[in-house]
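Here is the structure we will look at, set down as structure tokens.
The values are calculated or read from the model by the stated rules, or taken from the named source; none is laboratory data. This one's a predicted model, so the numbers in the text were calculated from it and none came from an experiment. Methodologically, a virtual Cβ is constructed for each residue, glycine included, from the backbone with ideal geometry; neighbour enumeration extends over all protein chains shown. Please note that ligands, DNA and RNA were not included when accessible areas were found on the heavy atoms of the full protein model with its side chains. Shrake-Rupley method; radii C 1.70, N 1.55, O 1.52, S 1.80 Å.
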Amino acid sequence: MKKVFFLLFFLLNGLLSYSNHLKGGWVYYEYLGPGSSPNTVKYQITVKQYLDCRSTGQQIDQTVFLGIFNNATNQLTRQITIPLSGTDNLNIDPRYVNPCISSPPEVCYRIDRYVTTVDLPSSTAGYTLAVQRCCRIAGIVNVTGSNNIGVSYTTSIPGTINGINFEKNNSPQFVQRDTVMVCYNGSFAFDFSATDADGDELTYSFCPGLVGGGAGTGQSQPNPPSSPPYSNVPYSSSFIGESPMGPLVTVDTKTGLISGQAPARTGDYVVTVCASEFRNGVKIGETKKEIHITVANCSLAAAELRQPGYQLCDSLTATFQNLSTASNIISYAWNFGDPATGANNTSTSPVPTHKYSDTGIYNVKFKVQSSAGCTDSTTSVVKVYPGFNPDFSITGSCFQTPFQFQDKTTTRYGIVDSWRWDFGDLSSNADVSTVKNPTYQYATSGARTARLIVTNSKGCIDTLSKPVAVKDIPALRLPFKDTLICSVDTLPLQTIGNGIFTWAPNYNIINANTANPLVYPKITTSYIVTLNESGCIKNDTIKVNVLDFITVDAGRDTSICRTDSITIRTQSQGLQYAWTPATGLNNITTKNPVATPLNDITYYVTASLGKCQAKDSIRVKVTPYPQANAGADASICFGNQTQLQATITGSRFTWSPANSLQNFNTLKPVATPASTTSYLLAAFDTLGCPKPFIDTVVVRVTPQVRASAGNDTIVVANQPLQLNATGGISYLWSPATGISDPNIPNPVITLGPSVDSITYRVKVSVADGCFAEDDIKVRIFKTGPDIFVPTAFTPNGDGKNDLLKPIPVGIKSMEYFRVYNRLGSLVFSTRQLGVGWNGTIEGKQQATGTFVYMTAAIDYLNNRITKKGTVVLIR
């Protein structure tokens, strides 16, 4: 077992030791001519592996394992072990480090070369070359769990493409210019270019790094490597293989130059570049190179301005700032190239603002100096042409017809000279245009966002976005769908929409081709409106019901209780209403007003439908509420009762709840509640008020007094015994025989041998005078204090002698009561008086047998009493 442990430790330690130094690598090949066998091709294959320059011992691979896979099947064709062939050391000589860089980092690599030649059969599919290694260094910024992620170096040998054989090919070879110093938030350039011996066209792009090797499996160098395809490296949040250092760092597709502004976070970043080779416009291969770029905690005292310049298109004022983030700059000198502004033409502020005197082109000069005395300067161009205002309009409604986009951009200087439209149609790649006023037809309805990027001849550029509501049909809003008119009236139909309106049928209608026609049908008619908005059609219908006359019914006369309200439910075909008088009405023009009169009243209503009218009335009788007085609240002790004293003005009454009332059908019932209760008295009358009047009386019940005099006990003659009563705030003991103080809860009694037993009663009272009583029986032994233990007990659950417990006489406290079995094992122990053994051990009943007990206690004179003996358990 120890051997296995040491072996695992050695393997894991080797993996971890290596993983602290692996920094990248790549594979390339060279065509050497025909192979030594017919139909074979000879290649020289080189693997370059990047390590930290201080790598030693087991951190350096003496061999690597190359896998060659068929591109058609991804099956392994050949496995080759390649020995270490040579080493290059790349570093930046400290003598040539820019003195204006603060805290310059060390940049160095050990590059191990592994070179071999191989004859491969001619293949129309071609081959993939791969080497795998585990693992990467820990803490890589843009890779999650990097110390458990291996790496795969790959390239491809082409076969036959479009009928042309490309096997006589040399892969691109990346130039070895890897010693670049990158400071956080600083600008940098990294030459990642390659050469091609065949003169093929090369294009460059960021691409994902590939996973390889087996973290945690002991296979730091898989032999052979696993078959392609390979998974991408798990990039951490905000990073992807196509943007490994963030959006501010790019690679030139033509030159392979990586440049931009470094991230703000320091540390190592995995950067992979794919060099794709094209011959006569056909892509024939791709070679990947991966390297770790270290972003260091350093800064360059540089002067850096926006290039190619600044464009002021909306004002004469510009704010400048050094784009270099160096922290060691101590002075700034600005010249804005605008002598007409006099002293304002210069500034020493780190972030100056300058208002130019006029439009035109100005040359701004900028110089900085660091704390080490380093200086740097730069220039840039400021084009001042304010008054550039992008705008556009959108005309269209539904996806059935094209939308018209019209440029409304204005410019005070120059002319608007280019347009780039994006119509926001995610279902199509053709939703773009460069004409001034384009049209576009959407395939489906839905919300879109159109965007215009517009420029003028003075260099101004701006972007404007607007929402586009693409509907399936035109928007048409009707005033109503169904209405009612009198046969002698004319009705306006006021619709809202954009386009051409037509109405049908052409029956008793005026202005039929407008949004707001007038209709005067003599019979019920459904008018159909058609809206045509630039070819988009929407139909809808308004039904006009026609009546020659109307009726109105305000309802039957009614009665209400004074101060109550009633809703008058009017039945009528009318659309307008007028009520009189207004007394007590919440609204005199509604169909169903709410009435709250204080006296008898008759309401009159006039219902109108245009020129048709009808009238009716309703009388409301107002009656006062009945009266009820349930009486004064009362308080009683638990178990007592009280008589209620109620009065009413009405014809009848009810009590609720009635279950704790005696004679609940009278106004003076007797209440016997067990807890505080609210009794509701409801009074009714027959005078016209349909609602009861309710009053409440509360009977508060003091909770039951829980009087306790304590358990019956035994005492030795002439020995004091303290009683202890509970449950209240005042106490009275009787009889007073032998009691030290009958008015306290815990008096001491002393009884002589002339008394055999005595029962004391205690009256326990609470604050509001409620009380309860309890008693305690005291037996007097003529002997001295002692502990009595039975000689046998029967724990059979019949309630008799079920427990073995000591019987103390004249005892103040128990020190212990213990029971042992015949083997001397303790089976029960207690210090509490009145607690005993039930004949079980850990819940298991014990058989009939003899047990030994031991007990000790303190009597009321503080003397210690001990006792031991045997007891028989009988089943």
**Fill in**
V4 fails exactly one of (1) surrounded by fewer than 20 Cβ atoms within 10 Å (Cβ to Cβ); (2) under 48 Å from the mean Cα position of the chain (by Cα); (3) at pLDDT 80 or above, namely (3)
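This table checks each residue for (1) under 30 Å from V620 (Cα atoms); (2) outside any strand (DSSP E or B); (3) open to solvent by less than 60 Å² (accessible area, probe 1.4 Å).
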site: G639; (1), (2), (3): no, yes, no
site: A674; (1), (2), (3): no, yes, no
site: S678; (1), (2), (3): no, no, yes
site: P690; (1), (2), (3): yes, yes, no
**Prompt:** What is the number of the single condition among (1) over 60 Å from the mean Cα position of the chain (by Cα); (2) in a loop (DSSP other than H, G, I, E, B); (3) farther than 30 Å from V622 by Cβ; (4) of a type outside the set (V, I, T) that D775 does not meet?
**Reply:** (2)
**Asked** Scanning the stretch 466-511 for residues that are in a loop (DSSP other than H, G, I, E, B) and among the aliphatic types (A, V, I, L, M), which turns out most open to solvent (accessible area, probe 1.4 Å)?
**Response** V488
**Prompt:** If you check S428 against the conditions, is it open to solvent by less than 70 Å² (accessible area, probe 1.4 Å), assigned to a strand (DSSP E or B) and not hydrophobic (A, V, I, L, M, F, W, C)?
**Reply:** no
**Item:** Subset tally (residues that are among the hydrophobic types (A, V, I, L, M, F, W, C), over 26 Å from G414 (Cα atoms) and in a loop (DSSP other than H, G, I, E, B)) for the stretch 303-357
**Value:** 4
**Request:** Please indicate, with yes or no, whether at least one residue in the stretch 113-133 is in contact with a helix residue (DSSP H, G or I) (Cβ under 9 Å, 6 or more places away or on another chain) and either at pLDDT 95 or above or open to solvent by less than 20 Å² (accessible area, probe 1.4 Å) (or both).
**Result:** yes
**Item:** Set G199, G186: member being under 27 Å from T294 (Cβ atoms) and not polar (S, T, N, Q)
**Value:** G186
**Request:** Return a yes/no flag: does the stretch 551-565 have any residue that is under 30 Å from T401 (Cβ atoms), at pLDDT below 95, among the β-branched types (V, I, T) and open to solvent by 50 Å² or more (accessible area, probe 1.4 Å).
**Result:** no
**Prompt:** Can you tell me which residues in the stretch 364-415 are of a type in the set (D, E, K, R) and in a strand (DSSP E or B)?
**Reply:** K365, K367, D376, K383, D407
**Message:** Being surrounded by fewer than 21 Cβ atoms within 10 Å (Cβ to Cβ) and either among the hydroxyl-bearing types (S, T, Y) or under 21 Å from P263 (Cα atoms) (or both) is the filter here; which residues of the stretch 142-151 pass it?
**Reply:** T144, G145
**Item:** Answer residue from the stretch 276-300, given it is within 44 Å of the chain's Cα centre (by Cα) and not in a strand (DSSP E or B) and is modelled with the lowest pLDDT among those
**Value:** C298
**Request:** Specify the residue that is modelled with the highest pLDDT; the eligible residues are those in the stretch 566-577 that are open to solvent by less than 50 Å² (accessible area, probe 1.4 Å) and among the aliphatic types (A, V, I, L, M).
**Result:** I568
**Asked** Looking at S457, is it touching a strand residue (DSSP E or B) at 6+ places or on another chain (Cβ under 6 Å) and surrounded by fewer than 16 Cβ atoms within 10 Å (Cβ to Cβ)?
**Response** yes
**Fill in**
Of (1) within 30 Å of A707 (Cβ to Cβ); (2) modelled with pLDDT under 95, K763 fails just (2)
**Asked** Got a number for residues in the stretch 171-197 being surrounded by 15 or more Cβ atoms within 10 Å (Cβ to Cβ) and farther than 25 Å from R110 by Cα?
**Response** 3
**Complete:** Scanning the stretch 236-258 residue by residue, the ones that are open to solvent by 40 Å² or more (accessible area, probe 1.4 Å) and not in a loop (DSSP other than H, G, I, E, B) total 3
**Request:** Could you please find all residues in the stretch 841-860 being closer than 14 Å to P808 by Cβ and assigned to a loop (DSSP other than H, G, I, E, B)?
**Result:** Y860
**Complete:** Restricting the stretch 723-757 to residues that are part of a strand (DSSP E or B), closer than 24 Å to V809 by Cβ and out of contact with any Ser or Thr (no Cβ under 6 Å at 6 or more places or on another chain), the one most open to solvent (accessible area, probe 1.4 Å) turns out to be S757
**Request:** Output yes when any residue across the stretch 608-616 is assigned to a loop (DSSP other than H, G, I, E, B), surrounded by fewer than 19 Cβ atoms within 10 Å (Cβ to Cβ) and without any contact (Cβ under 8 Å) to a residue 60 or more places away in the chain, and no when none is.
**Result:** no
**Asked** Restricting to the stretch 39-61, what's the tally of residues that are at pLDDT below 95 and either closer than 16 Å to Y153 by Cα or not in a strand (DSSP E or B) (or both)?
**Response** 13
**Asked** For I361, are the conditions met, namely being under 19 Å from A301 (Cα atoms), without any contact (Cβ under 8 Å) to a residue 60 or more places away in the chain and either of a type in the set (A, V, I, L, M) or assigned to a helix (DSSP H, G or I) (or both)?
**Response** no
**Message:** Condition (residue is open to solvent by less than 50 Å² (accessible area, probe 1.4 Å) and in contact with a Phe, Trp or Tyr (Cβ under 7 Å, 6 or more places away or on another chain)) applied to the stretch 87-102: is it met by at least one residue?
**Reply:** yes
**Asked** Looking at V699, V705, which one is out of contact with any Leu (no Cβ under 7 Å at 6 or more places or on another chain), outside any strand (DSSP E or B) and open to solvent by less than 20 Å² (accessible area, probe 1.4 Å)?
**Response** V705
